[in-house]
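*Asks:* Take this structure first; my questions come after.
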Amino acid sequence: MEVWYHNENPYPFVPPDVLDCADSVRASLPNKYCDPQIAADLFEETFDEFMLCDERGINVVAIEHHAGINSLFGANPLVLGILARQIRKVRILSMGTLISLRPDPVRVAEEYATADVISRGRLDIGFVKSGASEMASNNANPVTNIERYWEAIDLVTKALTFQEGPFSWEGKHYTHRHVNIWPRPWQQPHPPLWAATGDPETAREVGRRGMVNVLVLRGEEGTRRAWSAYRQAREEAGLPEVMTDHFAYAALVYVGATHEEGVEIGSKLLWFLNTSLKMAPQYAQFLPGATPPHFAPQVYRTASGPDTPAKGPTDGSRAQQAQANKPAAPAILNVGGLTNIDTAQAMARGILFAGSPATVYQQIMDFYRKVGGFGHLVMIGRSGFMTHAEAEKGIRLFARDVLPRLKEIAPVTPP
Amino acid sequence: MNDIEAAVGERLSVEDIELEVIRRGQGRPVLLLHGLHTVDPQAPFLDLLGRRAEVIVPSHPGFGHSERPADFDTVYDLVHLYLDVLEALPHERVSLVGLSFGGWLAAEIAAACSHRIDRLVLVDAFGIKISDRETPDILDVFNTSPQEVQQHSWHDPEKWTPDFNALSDDEIVVHARNWDALCLYGWQPYMYNPQLKHWLRRIRRPTLVLWGASDGIVPPSYGRAYSALIPGSCFDVIAEAGHHPEIEQPEAFVDRVAAFLEE
């Protein structure tokens, strides 16, 4: 099994009263609350963590999220460019430039090919479907997001692989008449492609394309469902079975010296779910295209959600009451109940693996067996108020006592 | 034609596209193009206007119960569809009433095809850019909290803000389809065509630009500027109405529109 370290580089240092009053901690929270000096420290710490991983044999992941406390990695290609040069041994996964937000996928292909060449072939390319507040932050039409996603992947893939250019692309969402990127990628025919999705319909297409399907915090049931859709779609299309190296699972992971310490510090990772997901309804359940209309009655009428912002009319009107009853997180996450999850629940559901080296290994392997196996573990090893020192301690312990045992697990054909 | 039940579920076919349509009344033909949402068949203004004209109210593809053909996803498609509708209707000229987003369509259609239009009414219409590049003319209904959108939509939000708990499943499904379709067509540039302003001069038919005095989605000043770009058009406001004067003030709305159509 390959292990990948993931730190979204969040910015948790916004006063709690500001966060409590804000209807969303993404997209609309003014950037006056982001102190560039603190941000610079956070970047430095995060890059240091990545370099520690490099030293200890853990691959690294650079993600992209925009305009919020959950991540300062809005400019993925810049982060990737730094990693491509500074990380010398392990592989680097861009997960990813949010492809459906970018007006020209050819430029993205150029950035990826450059990073692959600089790193001498250590790049993996991840495509994330995006959505929610990212649509507002990037002026991206949410209704056609998935169409752009697939067309952009097609165009990036062709730009990375076509060597007799220039070629012309006149698609529905992208036109580029003269595509011929230099350099071409180091890896042939192209770097490994990943796709982050949990919805079975998208997983089916990911399966037909044979990409690595990474599931983020989906728990047992959601993970099994997506991977079974992946495999079934391949079978229906007459494509060969894939091994477990086509499946990746991303969880909150922390290893302490003792089980108690691992759980205590690891619990800090839940900030990601409890605080950084707060989103206004216009970015969530009322985002056009976010919910198939036939599900709308259920979603629009959804009651309760204790983390709901108390903003708006305060006159006790029906409008106010209706607003107070609307959940603040994306429907999909609310349905899973992730936003108010506690440590015990997160551990029981395979969302948090925390403890001593031995108990974390056990938790990972229990989950591994429950979902039929996976070849990549993405460990979200720092979030919220976990300190840099704590994160590095966790990385060291994981690398010393858990990683070697996971490395022994070779890809197999899922049962 | 005044039987509401009978009118629901009626279709209007144009080539291979079938639209849900509401029809009311008799007399001078009026094609009414809906705005952010489809028209509720029980909206009082329909019957009131139906006493003065033959009203034809299609749901745009993707809205209401109208299917949206594959790759039909731009205002360009909608405008050409309604040019087809104008040709298909058994009248030499039809008056066009466009509400909000439908007002944008009506302005485009009238600029392209004045000779099939009798009279034009634009009601709290989108479609053009008036202010400078850092001043949005039209409230971003997608990136603004639903509550704030409602506050800006109505003269009396307390009375008119929809309560999803009181709506039927079908009404909510329609609401969601309308929202998706509106976003598809109008996301960017947000609710306007940068070129349209230059071609409004081609509208050579009597035109009324009518506005809810309390419209907080797109203000009356925008309506005045819109009217100034359409030669010979007149501008008027409906008091105590927001973005949907046809709903908040049906009598005043119908009186003003019908009087103009009958001029």
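*Asks:* Within region A:174-208, restricting attention to residues that are assigned to a helix (DSSP H, G or I) and in contact (Cβ under 8 Å) with a residue 40 or more places away in the chain, which residue is surrounded by the fewest Cβ atoms within 10 Å (Cβ to Cβ)? So that I can check it myself, show each step before the final result.
*Replies:* Applying the first criterion (assigned to a helix (DSSP H, G or I)) to region A:174-208 yields A:200-208.
From the residues that got through so far, the ones that are in contact (Cβ under 8 Å) with a residue 40 or more places away in the chain too are A:202, A:205.
Working: A:202: 20, A:205: 18.
Step by step, filter region A:174-208, then rank; the result is A:205.
*Asks:* Before we move on, is residue A:126 in contact (Cβ under 8 Å) with a residue 60 or more places away in the chain, under 28 Å from residue B:187 (Cα atoms) and not in a helix (DSSP H, G or I)?
*Replies:* Yes; evaluated as a whole, the condition is true for this residue.
Residue by residue, here is whether (1) at pLDDT below 95; (2) among the aromatic types (Phe, Trp, Tyr); (3) in a loop (DSSP other than H, G, I, E, B); (4) surrounded by fewer than 22 Cβ atoms within 10 Å (Cβ to Cβ) holds:
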site: A:78; (1), (2), (3), (4): no, no, no, yes
site: A:82; (1), (2), (3), (4): no, no, no, yes
site: A:89; (1), (2), (3), (4): no, no, yes, yes
site: A:100; (1), (2), (3), (4): no, no, no, no
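*Asks:* Also, I was wondering about something else. For region B:142-184, which positions are under 18 Å from residue B:215 (Cα atoms) and assigned to a helix (DSSP H, G or I)?
*Replies:* Once the filter is applied, which keeps residues that are under 18 Å from residue B:215 (Cα atoms) and assigned to a helix (DSSP H, G or I), region B:142-184 yields B:146, B:147, B:148, B:149, B:150, B:151, B:152, B:153, B:157, B:158, B:159, B:160.
*Asks:* Within region B:216-250, restricting attention to residues that are outside any helix (DSSP H, G or I) and over 17 Å from the mean Cα position of the chain (by Cα), which residue is surrounded by the fewest Cβ atoms within 10 Å (Cβ to Cβ)?
*Replies:* Step by step, filter region B:216-250, then rank; the result is B:232.
*Asks:* Further question on the same structure: Report the residue count in region A:385-413 for those that are surrounded by 19 or more Cβ atoms within 10 Å (Cβ to Cβ) and not in a helix (DSSP H, G or I).
*Replies:* Of the residues in region A:385-413, 1 are surrounded by 19 or more Cβ atoms within 10 Å (Cβ to Cβ) and not in a helix (DSSP H, G or I).
*Asks:* Among the residues of region A:363-399, write down those that are among the basic types (Lys, Arg) and without any contact (Cβ under 8 Å) to a residue 60 or more places away in the chain.
*Replies:* Passing the criteria: only A:369.
*Asks:* Identify, from the list B:260, B:253, the residue that is in contact with an Asp or Glu (Cβ under 7 Å, 6 or more places away or on another chain), surrounded by 16 or more Cβ atoms within 10 Å (Cβ to Cβ) and assigned to a helix (DSSP H, G or I).
*Replies:* B:253
*Asks:* Here's something else I'd like to know. So, residue A:248, is that one touching a helix residue (DSSP H, G or I) at 6+ places or on another chain (Cβ under 8 Å) and under 30 Å from residue A:384 (Cα atoms) or not?
*Replies:* So residue A:248 fails the test.
*Asks:* Take region B:42-74 and flag every residue that is buried (at least 20 other Cβ atoms within 10 Å of the Cβ), assigned to a helix (DSSP H, G or I) and not small (Gly, Ala, Ser).
*Replies:* B:45, B:46, B:48, B:49 - these are the residues of region B:42-74 that are buried (at least 20 other Cβ atoms within 10 Å of the Cβ), assigned to a helix (DSSP H, G or I) and not small (Gly, Ala, Ser).
*Asks:* Additional query: Filter region A:292-325 down to the residues that are at pLDDT 50 or above and surrounded by 22 or more Cβ atoms within 10 Å (Cβ to Cβ), then identify the one that is farthest from the other protein chains (Cβ to nearest Cβ).
*Replies:* Restricting attention to region A:292-325, the residues satisfying the condition of being at pLDDT 50 or above are A:292-302.
From what's left, surrounded by 22 or more Cβ atoms within 10 Å (Cβ to Cβ): A:296, A:299-300.
On the way: A:296: 4, A:299: 8, A:300: 4 Å.
Here the answer is A:299.
*Asks:* Among the residues that make up region A:258-268, is at least one of them away from every other protein chain (no Cβ under 13 Å) and crowded, with 24+ Cβ neighbours inside 10 Å? If you could, list the steps in order and put the result at the bottom.
*Replies:* At the first step, the residues of region A:258-268 found to be away from every other protein chain (no Cβ under 13 Å) are A:258-268.
Now drop any that are not crowded, with 24+ Cβ neighbours inside 10 Å, which leaves A:262, A:266.
Yes, region A:258-268 contains at least one residue that is away from every other protein chain (no Cβ under 13 Å) and crowded, with 24+ Cβ neighbours inside 10 Å.
*Asks:* In addition: Give region B:42-72 a look and list any residue that's more than 14 Å from chain A (Cβ to nearest Cβ) and hydrophobic (A, V, I, L, M, F, W, C), or say none.
*Replies:* Of everything in region B:42-72, those that are more than 14 Å from chain A (Cβ to nearest Cβ) and hydrophobic (A, V, I, L, M, F, W, C) turn out to be B:43, B:45, B:46, B:48, B:49, B:53, B:55, B:56, B:57.
*Asks:* Looking only at region B:180-210, which residues are within 14 Å of chain A (Cβ to nearest Cβ) and either out of contact with any Leu (no Cβ under 8 Å at 6 or more places or on another chain) or modelled with pLDDT under 95 (or both)?
*Replies:* B:180, B:181, B:183, B:184, B:186, B:187, B:188, B:189, B:190, B:191
*Asks:* Got a sec? Which of A:5, A:33, A:11 is within 25 Å of residue A:284 (Cβ to Cβ), touching a residue at least 40 places away in the same chain (Cβ under 8 Å) and among the aromatic types (Phe, Trp, Tyr)?
*Replies:* A:11
*Asks:* Within region B:124-166, how many residues turn out to be over 24 Å from residue A:142 (Cβ atoms), buried (at least 21 other Cβ atoms within 10 Å of the Cβ) and at the interface with another protein chain (Cβ under 8 Å from one of its Cβ atoms)?
*Replies:* Number of matching residues: 0.
*Asks:* Being in contact (Cβ under 8 Å) with a residue 60 or more places away in the chain and assigned to a helix (DSSP H, G or I) is the filter here, so list the residues in region A:47-74 that pass it.
*Replies:* Residues satisfying the conditions are A:48, A:49, A:52, A:53, A:56.
*Asks:* Another one. Can you name every residue in region B:185-215 that is in contact with a helix residue (DSSP H, G or I) (Cβ under 6 Å, 6 or more places away or on another chain), surrounded by 18 or more Cβ atoms within 10 Å (Cβ to Cβ) and either part of a loop (DSSP other than H, G, I, E, B) or of a type in the set (Ser, Thr, Tyr) (or both)?
*Replies:* Residues satisfying the conditions are B:185, B:203, B:205.
*Asks:* Do you know which residues across region A:123-170 are over 16 Å from the mean Cα position of the chain (by Cα) and among the β-branched types (Val, Ile, Thr)?
*Replies:* Of everything in region A:123-170, those that are over 16 Å from the mean Cα position of the chain (by Cα) and among the β-branched types (Val, Ile, Thr) turn out to be A:143, A:144, A:146, A:153, A:156, A:157, A:161.
*Asks:* Within region A:33-50, identify whether any single residue is modelled with pLDDT of 95 or more, farther than 26 Å from residue A:124 by Cα and among the charged types (D, E, K, R), and answer yes or no.
*Replies:* Checked against the condition, which is being modelled with pLDDT of 95 or more, farther than 26 Å from residue A:124 by Cα and among the charged types (D, E, K, R), region A:33-50 yields at least one hit.
The values are calculated or read from the model by the stated rules, or taken from the named source; none is laboratory data. Since the structure is predicted, the reported quantities are computational estimates derived from the model, not experimental observations. Using ideal geometry, Cβ is built from the backbone for each residue, glycine included, and neighbour counts are taken over all protein chains shown.
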